[in-house]
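Below is one structure, written out as structure tokens; the observations come after it.
Quick note: the coordinates plus some simple rules give every number you see, no bench work behind them. Source: prediction; values computed, not measured. When we count neighbours, we look across all protein chains shown, and the Cβ atoms used for this are built from the backbone with ideal geometry, even at glycine.
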Amino acid sequence: MGVLDGWRYCPRCGSPLVHDHGRVECGACGFVHYANSAPTASAFVLDDGGHVLLARRAYEPDAGLWDVPGGFLEEGEDPLEGLRRELLEETGLTIEPGKFVGAFTDTYGDGPRATAVLNLVWEASIVAGEPAPADDVSQLRWFPQSALPSDEELAFRWLAPSLRAWALATRKAPKGR
Ligand SMILES: [Zn+2]
């Protein structure tokens, strides 16, 4: 199920659309749209003791589960600017991005309303502020990397394996890195 599957008429002029491999085109006005994953920017925020900051989701999808702070990039937005913006909105923290952790595909929501997403993840440290939940976050908590929430308590599909693999690699890394 792709985002363009139900698209039949041009949103600009109402003429029928032509579908071609993840792309639609309107022969009347020239409108073209490609199906892409929606990019997000998120952070594994670390404190001096190596704890990671997780955010409990206030709203669906996956309300009540632990997520990493972050969110969808705006159109044309620089990813690191979007990361800083989302962290400030959700946690009140001014952060400094560190090492790039990776890019992880997933879906946001389930069923016909599911959106394909591409999660871009950086390590980050706090420059200013105290963590205070806001926006679509109901609670913030520091977790030791050796005592992360269970898979069932973590939001989405990409997060649990990615967070555990990262924690394992980070804990094995030499101190003072
Ligand atoms: Zn058109």
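Things to note:
- Proxy reagent accessibility, fewest Cβ within 10 Å first, across Glu123, Glu75, Glu89: Glu75, Glu89, Glu123
- Between the amide H of Leu73 and those of Thr40, Ala41, distances stay under 5 Å, these residues lying 5 or more places away or on another chain, with hydrogens modeled in the peptide plane.
- Order of Val45, Val121 under a 10 Å beta carbon neighbour criterion, fewest first: Val121, Val45
- Rounded to the nearest Hz, the phi-derived 3J(HN,Hα) couplings of region 134-151 under the Karplus curve 6.51 cos²θ - 1.76 cosθ + 1.60 (θ = phi - 60°) are 7, 6, 9, 10, 9, 7, 10, 8, 7, 10, x, 5, 8, 9, 6, x, 5, 4, where x marks glycine and proline.
- Residues Trp122, Trp166, sorted so that the one with the fewest Cβ neighbours within 10 Å comes first: Trp166, Trp122
- 0 to 90° range, to nearest 10: angle between helix 79-91 axis and the chain longest Cα axis: 60
- Structural descriptor for region 25-175: relative contact order 29 percent, calculated from alpha carbon pairs under 8 angstrom and at least 6 residues apart.
- Structure remark: mean-square fluctuation, Gaussian network model of the chain, C-alpha springs under 10 Å; the largest value among Gly30, Gly22, Gly98 belongs to Gly30.
- Over the chain, dividing the summed -39,500 (n - 2.57) contributions of all DSSP H runs of at least 4 residues by the number of residues returns a 222 nm mean residue ellipticity of -5000 deg cm²/dmol.
- Beta bridges per DSSP, both residues in region 20-177: antiparallel share near 75 percent.
- Between helix 159-172 and the chain: long-axis angle, C-alpha atoms, 0 to 90°, nearest 10: 40
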